[in-house]
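Read the structure below first, then the notes.
The values are calculated or read from the model by the stated rules, or taken from the named source; none is laboratory data. All of these numbers come straight from a predicted model, not from anything done at the bench. Note: ideal-geometry Cβ built from the backbone for every residue, glycine included; neighbour counts use all protein chains shown. Remember, those area values only see protein heavy atoms, side chains included, never the ligands or the DNA or RNA. Shrake-Rupley method; radii C 1.70, N 1.55, O 1.52, S 1.80 Å.
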Amino acid sequence: MEYPRIITSGDTAIVVEFEDKIDSSINAKVKAFYEVLKAENIPGVVDIIPTYRSVLIHYSPLIIRYGEMMEKAERLLNRAGDIKAVDKKIFKIPVCYGGYYGQDLEDVAQHAGMTKEEVISIHSGRDYLIYMLGFQPGFAYLGGMDERIAMPRLPQPRGQILAGSVGIANKQTGIYPMSSPAGWRLIGCTPVRPYDARKRKPILYEAGDYIRFVPISEADYTRIEMLIEQGNYECPVEIQKA
């Protein structure tokens with residue numbers, strides 16, 4: 001099978017697939033095509049959703065016909081190949097690890113044969129690519145977690161967790177933007193709101209950005225939480241030039 005390829009998805013969407021596996025280089029192609037598509041601002045395109053390895057384009061057939069949509073997608077695919085590397089945008093997410101905020105940290109440490117401090121150091125010691133958003137508004141599927149701290153999901157999900165909980169499931173890690181049931185192993189929590197309906201841009205980051213977890217104390221958690229409630233906190237962002 002040759003890639004990239006364009007396939008239909010129902011009668012109001014097409015999917016541009018770049019490969020059949022999860023890989024950062026493939027996701028870079030997804031990001032480039034997504035940016036070209038957004039910039040084109042095609043009349044009739046209702047939504048554009050990037051994933052690990054593909055981009056879904058939802059369109060209105062009353063405004064743009066299927067054949068025309070396919071033609072435009074093919075043309076933009078060629079342009080996306082010329083896109084140069086973009087700056088790396090890293091959101092520094094403060095996290096209070098362990099205890100009340102991360103009740104599974106000790107279990108993860110035991111499973112890995114490490115101390116809790118070692119798990120925290122490994123988890124916060126790299127930048128995680130946001131491959132895609134889904135499940136909840138602002139829930140980021142992150143790539144690149146160290147396999148040494150991987151651990152299976154809980155046998156039975158919890159009925160309710162704290163908004164901002166940071167969890168591990170197998171080789172993935174992520175942040176729960178809101179209180180909900182959860183089956184991931186919880187190792188910490190952030191006061192930062194990945195999804196805030198009060199803001200003009202309600203989701204903090206987007207696919208293609210990066211997250212860096214920054215360990216903080218419980219006192220810092222409370223202080224940042226108060227600043228957020230007052231509208232006086234902005235999540236630190238680092239820009240690394242391409």
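Solvent-accessible area per residue in the chain equals 52 Å², computed with a 1.4 angstrom probe and all protein chains kept.
Can you tell me how much longer the chain between I64 and Q240 gets when fully stretched, taken as 0.36 nm per residue apart minus their C-alpha distance, in nm with one decimal?
Between I64 and Q240, full extension yields an extra 59.5 nm.
Each peptide in 209-215, 56-62 receives the mean, over its residues, of other Cβ atoms within 10 Å, and ordering these scores from highest gives 209-215, 56-62. For the listed residue pairs K21/K92; K199/K241; K38/K241; K72/K201; K116/K201, the alpha carbons are over 24 angstrom apart in K21/K92; K199/K241; K72/K201; K116/K201.
Specify whether the C-alpha gyration tensor of segment 100-242 places it in the rounded, prolate or oblate class, a ≥ b ≥ c being the square roots of the eigenvalues: rounded for a/c under 1.5, otherwise prolate if a/b is larger than b/c and oblate if not. Cα axes put segment 100-242 in the rounded bin. Between L56 and A197, the distance separating the two model label sites (each 7 Å from Cα on the Cα→Cβ line) works out to 2.2 nm. Label segment 165-242 by shape, choosing from rounded, prolate and oblate, from the square roots a ≥ b ≥ c of the eigenvalues of the Cα gyration tensor; if a/c is under 1.5 it is rounded, and otherwise prolate applies when a/b is larger than b/c, oblate when it is not. Rounded, because the longest to shortest axis ratio a/c is under 1.5. Helices in the chain, meaning DSSP H runs of at least 4 residues, each add -39500 (n - 2.57). Divided by all residues, the mean residue ellipticity at 222 nm is -7500 deg cm²/dmol. Between Y66, Y141, Y101, the residue with the greatest mean-square fluctuation in the GNM of the chain (Cα pairs under 10 Å linked by springs) is Y66. Peptide packing for 108-119, 144-155 was compared via the average number of neighbouring C-beta atoms within 10 Å per residue; ordered from the highest value, the list is 108-119, 144-155.
The chain: percent of C-alpha pairs farther apart than 24 Å? Here the long-distance tail beyond 24 Å is 51 percent of all Cα pairs in the chain. The portion of the accessible surface of the chain made up by carbon and sulfur, rounded to a whole percent, is 50 (1.4 Å probe; DNA, RNA and ligands excluded).
Here the Gaussian network model covers the chain, with springs between Cα atoms less than 10 Å apart; of A169, A39, A13, A39 fluctuates the most. Note on the chain: GNM, Cα springs under 10 Å; of K171, K21, K89, the largest mean-square fluctuation is that of K21.
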